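K.L.:
Quick one: this structure, given as structure tokens, is what I'll be asking you about.
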Amino acid sequence: MILAFESSCDESAVALFDPEKGIECEWIHSQIDLHSEHGGVVPDIATREHLRHFGPLLARAKESAAWARVDRVAVTRGPGLAACLAVGTAAAKAVARALRLPLVGVNHLRAHAWSPFIPVHAEAPREFPERLSRLLPHLGLIVSGGNTILFSLGADRRIEKLSATRDDAAGEALDKGAKLLGIGYPGGPAIERLAAGGRADAFDFPRGLGKRGDLDFSFSGLKTSLRYRVQAMPEAEVRSSLSDLCASYQMAVIDALSGKTAEALTRAGYRSVGLSGGVANNRGLREAVGRQARKAGAAFLAAEPRHTGDNAGMVAFAAWSDAADAERFQGSAIRVDPSAQL
């Protein structure tokens, strides 16, 4: 049984994972309501909230029947906000020391990379190694507020980064776009809600690095294009065109993400395609990436909504499934790494 902690940004999370059964319990305290007042995450507030809520979350975990079977502790070591990571790491170290259990540090991005496989494991835990082998090699797309990454997971379970964004991440572009349009935070869900009633072809926004053969992403030009478009429109016209603006802007992000995924699929015989990260909750993105996977004859694996954002369930799962990486970061000397890479 693995007890896991997550505190990379503005969610405090604890989970219990049994390799023989799956994720038995998980708890998350979200700070979205607090940060929405400021239009984005405020590190000092996030750190304070982690300090306030890890105690109660841990108390709930101790009430679980699964607590008696805990034999390992895992914690997100990075990337993320340094002070937030430090709180989670301190909590995990304290528990590991008190219970005299081994402690392992988990890369947050690698946890996202493995999260689409959680449902595969849950369906038949004992058969997971065999089922995983049939899904490799795997092409994964991580889309979050801070990262946009294409990677491959080979038959040897080694992760190789294929591309990333050269500037803004897709989630950041959605958040900033929503701020430009004055529709609130977090931006992705706000844009998706309004886009449902709009035309995706109403406005022509750029698709970033559209050059064939280039797998890198770029969203800064898209954000700038929206700013210029809004500045050129009377305020009343912006209000009346809000749904169309959101639908067109969102489609530009989706096209860029699904287009690069399609290009990557032509380069190797991938057996599965995964989608994870906070933006993976977007229904249009799921449909677009799923279509590309089916065209390539690959299985489509999307992280469950509860495991797309920051959560401890995926941290626990990665501590078990990504054993080669986990073995590199064991012991009480674990240090947070805010700039860790995939």
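The values are calculated or read from the model by the stated rules, or taken from the named source; none is laboratory data. Everything numeric in this text was worked out from a predicted model, so none of it was measured. Glycine also receives a Cβ, built like all others from the backbone with ideal geometry; neighbour counts cover every protein chain displayed.
K.L.:
Among residues belonging to segment 145-171 that are of a type in the set (S, T, N, Q) and farther than 22 Å from residue 320 by Cβ, point out the one that is surrounded by the fewest Cβ atoms within 10 Å (Cβ to Cβ). Full working, then the answer.
P.N.:
Taking segment 145-171 first, the residues of a type in the set (S, T, N, Q) are 147-148, 152, 163, 165.
In the following step, the residues that additionally are farther than 22 Å from residue 320 by Cβ were identified as 147-148, 163, 165.
On the way: 147: 22, 148: 30, 163: 18, 165: 22.
By that ranking, first place goes to 163.
K.L.:
What residue, among those in segment 1-13 that are in contact with a helix residue (DSSP H, G or I) (Cβ under 7 Å, 6 or more places away or on another chain) and either modelled with pLDDT under 95 or under 13 Å from residue 87 (Cα atoms) (or both), is surrounded by the most Cβ atoms within 10 Å (Cβ to Cβ)?
P.N.:
It comes out as 7.
K.L.:
Are there any pairs with C-beta distances below 6 angstrom linking a residue in segment 199-216 that is under 17 Å from residue 264 (Cα atoms) to a residue that is surrounded by 12 or more Cβ atoms within 10 Å (Cβ to Cβ) and small (Gly, Ala, Ser), with the two at least 6 apart or on different chains, and if so which?
P.N.:
That search, which allows pairs on different chains as well, returns 207/252; 207/256; 208/218; 208/256; 209/218; 215/163; 215/264; 216/163.
K.L.:
Please go through (1) assigned to a helix (DSSP H, G or I); (2) out of contact with any helix residue (DSSP H, G or I) (no Cβ under 8 Å at 6 or more places or on another chain); (3) more than 30 Å from residue 102 (Cβ to Cβ) for residue 268 and return the number of the only condition it doesn't satisfy.
P.N.:
(1)
K.L.:
Hey, could you check segment 248-275 for residues that are of a type in the set (Lys, Arg) and surrounded by fewer than 23 Cβ atoms within 10 Å (Cβ to Cβ) and say which is farthest from the chain's Cα centre (by Cα)? Show your work before the answer.
P.N.:
Going residue by residue through segment 248-275, those that are of a type in the set (Lys, Arg) are 260, 267, 271.
Keeping just the survivors that are surrounded by fewer than 23 Cβ atoms within 10 Å (Cβ to Cβ) gives 267, 271.
On the way: 267: 24, 271: 22 Å.
This residue is 267.
K.L.:
Give 52, 72, 60 a once-over and let me know the one that is of a type outside the set (A, V, I, L, M, F, W, C), farther than 20 Å from residue 308 by Cα and surrounded by 15 or more Cβ atoms within 10 Å (Cβ to Cβ). Step through it out loud before you land on a result.
P.N.:
Numbers: 52 fails: surrounded by 15 or more Cβ atoms within 10 Å (Cβ to Cβ); 60 fails: surrounded by 15 or more Cβ atoms within 10 Å (Cβ to Cβ).
Being of a type outside the set (A, V, I, L, M, F, W, C), farther than 20 Å from residue 308 by Cα and surrounded by 15 or more Cβ atoms within 10 Å (Cβ to Cβ) holds for just one of 52, 72, 60, which is 72.
K.L.:
Still on this structure, please answer the following. Suppose the filter is in a strand (DSSP E or B) and touching a helix residue (DSSP H, G or I) at 6+ places or on another chain (Cβ under 8 Å); does residue 149 pass it?
P.N.:
On the way: in a strand (DSSP E or B): yes; touching a helix residue (DSSP H, G or I) at 6+ places or on another chain (Cβ under 8 Å): yes.
Answer is yes for this residue.
K.L.:
Being modelled with pLDDT of 95 or more and over 30 Å from residue 128 (Cα atoms) is true for just one of 91, 74, 111. Which residue is that? Talk me through it step by step, then tell me what you get.
P.N.:
On the way: 74 fails: over 30 Å from residue 128 (Cα atoms); 111 fails: over 30 Å from residue 128 (Cα atoms).
So the residue among 91, 74, 111 that is modelled with pLDDT of 95 or more and over 30 Å from residue 128 (Cα atoms) is 91.
K.L.:
Would you pick out the residues in segment 211-224 that are in contact with an Asp or Glu (Cβ under 9 Å, 6 or more places away or on another chain) and exposed (fewer than 13 other Cβ atoms within 10 Å of the Cβ)? Walk me through it before giving the result.
P.N.:
The initial filter retains those residues of segment 211-224 that are in contact with an Asp or Glu (Cβ under 9 Å, 6 or more places away or on another chain), namely 212-215, 217-223.
Scanning segment 211-224 gives 212, 213.
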